[in-house]
Amino acid sequence: MELSAYAQSETGLSKEEIRTLLETSLEDREYKNVLIIPPDFTRFHSNAGLITNLYYHMLRERGANVDILSAVGTHCPVTEKQAKTMFGDIPFSVFRTHNWRTDTVRLGEVPASYLEEITDGLWKEAVSVEINRRVMDPTYDLILSVGQVVPHEVIGMANHAKNLFVGVGGSDMINKSHMVGAVYGMERMMGRDHTPVRKILDYAWTHYLSRRPLQFVLTVCTAAEEKIFTHGLFIGDTRKTLEDAIALSQEKNITFVKTGMKKCVVWLDPSEFTSTWVGNKAIYRTRMAIADGGELIVLAPGVDKFGEDVQVDALIRKYGYRGREHILREFQKPENADLRENMGAAAHLIHGSSDGRFRITYAVKNISQEEIESVGFYSADYDRMAAGYNPKTLRSGYNCIDGEEIFFIPNPALGLWINEEKFRR
């Protein structure tokens, strides 16, 4: 089954248009037990919250039992407050928590020979394929994987099998897929399909989940002033569902600028971004657009930690965002087993540095400026910086502030910005 709906205006699909397509996807079958796997609160603007809510009530009206397993990956579990804000009136009792270290079963592996082939010889280790045990529970007669296709720093374009093998996957896949992306180079992958990491996940999906009753429900969205615009909705169980969504996302979520930005200011909504682990999307999504010698200012009033858990937070504090070559050297040292055992964290540290090409300044309120500087960023007082670059009055794109041209991005998670000159070379 392949279903799709494209918005006919820039305001996106209406709730009724979305509801109609979801109802069509449930026709001609009865379901007893359904598992819905939506993203967590950090993907609030995916419109997966509305879609999950609509599916939940449709299925309950048909007599089905419904469980919801949020694809948190390594992020913090969804709180009851977040669930209510994102998913509406779904009872919190039906939400299940995924623990990427303990809640998985092993299905097999992606072989080393395949990894070597797809990475041009840069990676030569096999990757274990693990997934939350609920996905393999035979009592579920329908599994709905819901999420947004958008440019992504690790895989190129987010979602589809990533929602499963990373979102509710195990430590080996999460760690090694992120490290493969870091070694291969994020700028070779962002905004593109058929990257090495995508090929790893495609292999795992086709070899180990082909017999599960799985449907992907993929959105392509933009957002402005807290309004979500769903430009496309794609439902199906083949790769075409992903490819159609990627084509639309490349049109809607990638912004080309004519020349490199000299100063870019990014706002991180405090309800969505509370750590640099998530907040560094401000770096990932702009690095291809910022000029050499330029500056990125990250307005981060909600950031109060580095990692999403204690172990990763400690690793970030220990090694810092000090560049690709530095982290690779530290990774190879015999005494740094902690870093090798957490490849996802090592990859994150590589991604979160500009490698000295441009300056990164974090403006914070809830973590000390000294702590920010200790991990390799420049720091600034949030209130002072926000007074000069007011996120409430700046418009998305170019602005002129006291004769200075700056580029403002109100939510880095929703797109990718690329210097057209650099991209074409």
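Conditions (1) out of contact with any strand residue (DSSP E or B) (no Cβ under 9 Å at 6 or more places or on another chain); (2) surrounded by 14 or more Cβ atoms within 10 Å (Cβ to Cβ); (3) in a helix (DSSP H, G or I), marked per residue:
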| site | (1), (2), (3) |
| --- | --- |
| Val78 | no, yes, no |
| Ile90 | no, yes, no |
| Ser93 | yes, no, yes |
| Trp100 | no, yes, no |
| Leu107 | no, yes, no |
| Leu115 | no, yes, yes |
| Leu122 | yes, no, no |
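Among the numbered conditions (1) in a loop (DSSP other than H, G, I, E, B); (2) within 15 Å of the chain's Cα centre (by Cα); (3) surrounded by 19 or more Cβ atoms within 10 Å (Cβ to Cβ), tell me where His178 comes up short. So the condition that His178 fails would be (1). Checked against (1) open to solvent by less than 30 Å² (accessible area, probe 1.4 Å); (2) at pLDDT 95 or above, Tyr284 passes all but condition (2). With respect to Arg43, is the statement that it is open to solvent by 10 Å² or more (accessible area, probe 1.4 Å), within 30 Å of Asn342 (Cβ to Cβ) and not in a loop (DSSP other than H, G, I, E, B) true? Taking the combined requirement at face value, the residue satisfies it. Of the residues making up segment 177-228, just one is modelled with pLDDT of 95 or more and on the phi > 0 side of the Ramachandran plot, namely His194. Scanning segment 311-346 for residues that are more than 22 Å from Ile283 (Cα to Cα) and under 21 Å from the mean Cα position of the chain (by Cα) yields a count of 1.
Which residues, taken from segment 42-69, are closer than 28 Å to Gln311 by Cα and modelled with pLDDT of 95 or more? Result: Ile68, Leu69.
Where strands (runs of 3 or more DSSP E) fall entirely within segment 310-425, those with at least 1 residues that are within 20 Å of Gly260 (Cβ to Cβ), of a type in the set (A, V, I, L, M) and open to solvent by less than 80 Å² (accessible area, probe 1.4 Å) are at 359-364, 397-401, 404-409, 416-419.
Conditions tested, residue by residue: (1) under 26 Å from the mean Cα position of the chain (by Cα); (2) closer than 20 Å to Cys264 by Cβ; (3) small (Gly, Ala, Ser).
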| site | (1), (2), (3) |
| --- | --- |
| Arg357 | yes, yes, no |
| Thr361 | yes, yes, no |
| Ala380 | no, yes, yes |
| Leu394 | yes, yes, no |
| Asp402 | no, yes, no |
| Glu420 | yes, yes, no |
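Figure legend. Inter-residue proximity from segment 333-346: first residues farther than 15 Å from Val180 by Cα, second residues assigned to a helix (DSSP H, G or I) and open to solvent by 50 Å² or more (accessible area, probe 1.4 Å), beta-carbon distance below 8 Å, spacing 6+ or different chains. Indicated pairs: Asp338/Lys318.
The values are calculated or read from the model by the stated rules, or taken from the named source; none is laboratory data. From a predicted model like this one, the values you see are computed outputs, not experimental measurements. Please note: Cβ atoms are built from the backbone with ideal geometry, for glycine as well, and neighbour counts cover all protein chains shown. Keep in mind that these areas ignore ligands, DNA and RNA; they rest on the heavy atoms of the full protein, side chains included. Shrake-Rupley method; radii C 1.70, N 1.55, O 1.52, S 1.80 Å.
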